[in-house]
1. Is it the case that Y198 is part of a helix (DSSP H, G or I), farther than 23 Å from T263 by Cα and either aromatic (F, W, Y) or within 42 Å of the chain's Cα centre (by Cα) (or both)?
2. For residues that are closer than 24 Å to M275 by Cα and basic (K, R), scanning just the range 207-252, find the one that is surrounded by the most Cβ atoms within 10 Å (Cβ to Cβ).
3. Using beta carbons and a limit of 9 Å, which pairs, at least six apart or on different chains, have the first residue in the range 109-121 and within 12 Å of V146 (Cβ to Cβ) and the second one polar (S, T, N, Q) and assigned to a helix (DSSP H, G or I)?
4. Given the residues G301, G255, G261, which is the only one that is assigned to a helix (DSSP H, G or I), modelled with pLDDT under 85, small (G, A, S) and surrounded by 16 or more Cβ atoms within 10 Å (Cβ to Cβ)?
5. In the list A206, A190, A162, which residue meets the criterion of being modelled with pLDDT under 80, of a type in the set (A, V, I, L, M) and in the same structural domain as V230 (by TED's automatic domain parsing)?
Amino acid sequence: VRDPTERVAEAYETSVQGTNVLTTAIQHGTHSDQPFDPSIHRLQMHTAIHEGKRRADAQAKERYGYRPPNLPSSCPGCGSAFTLTHALDCAKGGLVIQRHNELRDVIGDVGRMAFGAGSVHKEVVLKEGDGQGREEVRTDLVIRGVWDRQRDASFDVCVTNADAPSYGNRPTRSILATHERRKKNKQASAALRQGLIYFGCAFPTAFVCGAIRVGLIEPALGKDNYLFSVLIFDALLLPISWLLCNKLVDAESVGEGALVGVTAFTLLMGAEVSMCWFVDKKTPVDFFRKQTSNAVDGFLGLGSQVLFALFPVMQAYLSDKGGKPD
C-alpha cells in the first residue's frame, strides 16, 4: 500500500468529520426546523469529507516539517512570530490553548446535558486583580450541582504532552501529579501572600492598641483591674482584626483560609518574640515563661491570637455557606 500512514490518517479524519455530520443528521435532521433533506445531507457529507482530507494534509505537513497553509504571521495570543514550533508550543495562542479550550468546551457541554444550560459558566473570575502585582484568578468552568445542590464546583483544565522529551520515561500518572502539585503550590503561594498582608496590617494595629492599653487603660484602672484591661484590649483588637480579615483576605476554601491563618499566626508569634529580644533584652525562653507565669493573662493572650488565626478559616467557611460576611 502506498503511503499507508498518510492514508490511514486521512481516512481517520474523514471518518470523524463524516460521523459527526451523520450523527447530527440522525438526531436533529439537516435543520432543526425542517424535515430531513437527502440533498443537503449529501452536501454536508461532501464538505465534511473534504475538511477531513484538508486536516489530514495539514497534519502530514506538520509531521514532516512543512509549514501548514493559512498560518498567521504573528501569534494571536502573545504577538510573537507564528512559526510551526511556536504554534505547537505557545500556551496563549497556539495548539496548547486550542486543545485546552476544546477540552473545556467538551466538559462544559457534558455539564449542560447533566445539570442544565444555566448551571455551566466558562471563564469565571474568582478573584479580581488589583493592578499592583496581584493577578486576576480565573477558573475554566463553574458547574452548579456537581457535588451538592445549589453549590458551585470549579474545574480547571490542564493540557500537557506526556511524550515531551523533558518528561523522559516518566509514567503518565507521575506527570499528572506534577501538574496537580504546581496548581496547588500556586494557590498556596497566594495564601501565603495573603497571610503576610493580613499580619502586616493587623500587627501595627495590635501595637497601637497595646500602647493605648499600657499608657491609658492600665493607669486609669489600676493594677487590681489588670485582667479587665486585658479584656478591653481584646475587645478593641479582635473586631478590628475581623474587619481587616474581611477586607484583605479572600480565601477560596477553608483549607486556604487555614494556611492564611497559620502564616499570620506564625509571623505574629515571631514578631512578638523578636520585640521581646530586641526591646526587653529577653530570650525567647523568657518570653514563653512570662506567657505561662500568669495563667489567666497567658491564656487570654494566646486565645486572642488563636482567634486572630481562625478568622480567615471562619470567613472562608461562612463565604462557602452563603456569602462572605460584611
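1. no
2. In this case the residue turns out to be R213.
3. G111/S119
4. G301
5. Numbers: A206 fails: modelled with pLDDT under 80; A162 fails: in the same structural domain as V230 (by TED's automatic domain parsing).
None of the others qualify; the one that does is A190.
The values are calculated or read from the model by the stated rules, or taken from the named source; none is laboratory data. Not measured: the values here are computed from a predicted model. Counting neighbours? That spans all protein chains shown, and the Cβs are built from the backbone with ideal geometry, glycine included.
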